[in-house]
1. With runs of 4+ DSSP H residues as the only contributors, calculate the mean residue ellipticity of the chain at 222 nm using -39,500 (n - 2.57) per run, divided by the residue total and rounded to the nearest 500.
2. Would segment 188-244 count as rounded, prolate or oblate if I go by the C-alpha gyration tensor, calling it rounded below 1.5 in a/c and otherwise prolate when a/b exceeds b/c, oblate otherwise?
3. To make sure I understand the rule: partners must be aspartates and glutamates, Cα under 15 Å from the Cα of Lys75, and not fewer than 8 residues away in the same chain. Which ones qualify?
4. Could you compute the net charge surrounding Val239? Neighbours are other residues with a C-beta less than 10 Å from the C-beta of Val239; K and R count +1, D and E count -1.
5. Hey, what did the chain get for relative contact order, percent, Cα under 8 Å, at least 6 apart?
6. Which of the aspartates and glutamates could a cross-linker span from Lys152 if the Cα-Cα distance has to be under 18 Å and same-chain partners fewer than 8 positions apart are dropped?
7. Determine the distance separating the Cα centre of segment 100-171 from the Cα centre of segment 190-247; give it in Å without decimals.
8. Which entries in Lys154/Lys240; Lys9/Lys146; Lys118/Lys146; Lys118/Lys169 show an alpha-carbon gap greater than 23 Å?
Amino acid sequence: MFKKSYKIKAPEPQLYFTTGEELKMATAIYDGDLHSIQSMIDNGFDLNRIGRGGMTYLYYAMLTMNYDTMELLLKNGANPNIHSKFFTDPNLHKKGQNDEQNTGVCLEYSGYPAYDIKYMKLLIKYGANVNDTTYISPLSSSVRDKSQGKEKIKYLVEHGINLNFSMTKTSVVCSQATIYNWNMVLFLLDIGADPMASEDPDFNVASAVQDYYDEGFDLDSQNGKMAQEVKRRLEQRGVKFPYHPKS
C-alpha cells in the first residue's frame, strides 16, 4: 500500500484511526494542523497510544511526509521506537479478502529513497534506536537510496549502528555482494563492515566474488574492476581463492 521508493501518499485518517479523539488527532496530522495538534497535546492527549488500526501517530505523520508535524510530536514525547502493526488494506480485511499485515518502524522507514536524510536525523535526535534488533535494520532500506543512501549509512555509523547485524543472519554487505553491487560493497568495507559476517559461508562476500568470477563477467568493465578490488581486499585479510567453503 505504501510505496517506499517514491513520494508517499498517506492513507486518509479514517482508514486507520476510527472515531473520537484518535480520529481528530490523525486528521490534524493529515492536514498538517500544528495548532490543533498542540492544543490536543496540551489537553493531555497520549501520543504513544496506538490507534485502533495499529498505527502510532508518529508513524502516521511519517506517511504524510510533514517534517514539522513529526518534529512537534517528537518534541512532545512521541516515542520513535514503538512498532506499528497494521493491515495493509483494512477495507479488504473487513471483508475477509486480505489479511496481509505490515510492521512499521519509523527509523527503518526513513531509510527509503522517498525520505530526505533530515527525517532520519530528526528521529535519531529524539532517541530512535539505531540498533533495534527486533526489526529490519535501517541499513537495509538505506542501501536502496541511490541519492542519499551512503550519506544515511554514514550517519547511522556515526551514531553507533552495528553494520554486521541482520535479522536474516546475512549482513548488508553480504547481501549487496550477492547482487554484485560492488560499489556499495566497497563503500561498506571502507566504513568497517565485515565481509565474512554471514552465518552461512555460501552467502558471504568471498562466496559472491567467487560466483562472479565463475559466471564469467567482464573483469575489465567498471563493475568488474570493483569486483577485483573487493577480491584484493579479501586476500589481504587472508581469504584464499578459489573460495569454495564446505557448508
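1. -12500 deg cm²/dmol
2. The shape class here is oblate.
3. Asp42, Asp46
4. In short, +3.
5. 12
6. Lys152 reaches Glu108, Asp116, Asp132, Asp190.
7. Taking the Cα centre of segment 190-247 as reference, the centre of segment 100-171 is 25 Å away.
8. Result: Lys154/Lys240; Lys118/Lys169 exceed 23 Å.
Only the coordinates and a few stated rules stand behind these numbers; no lab work does. A quick note: this is a predicted structure, and the numbers were derived from the prediction, not measured. We place every Cβ from the backbone using ideal geometry, glycine too, and count neighbours over all the protein chains shown.
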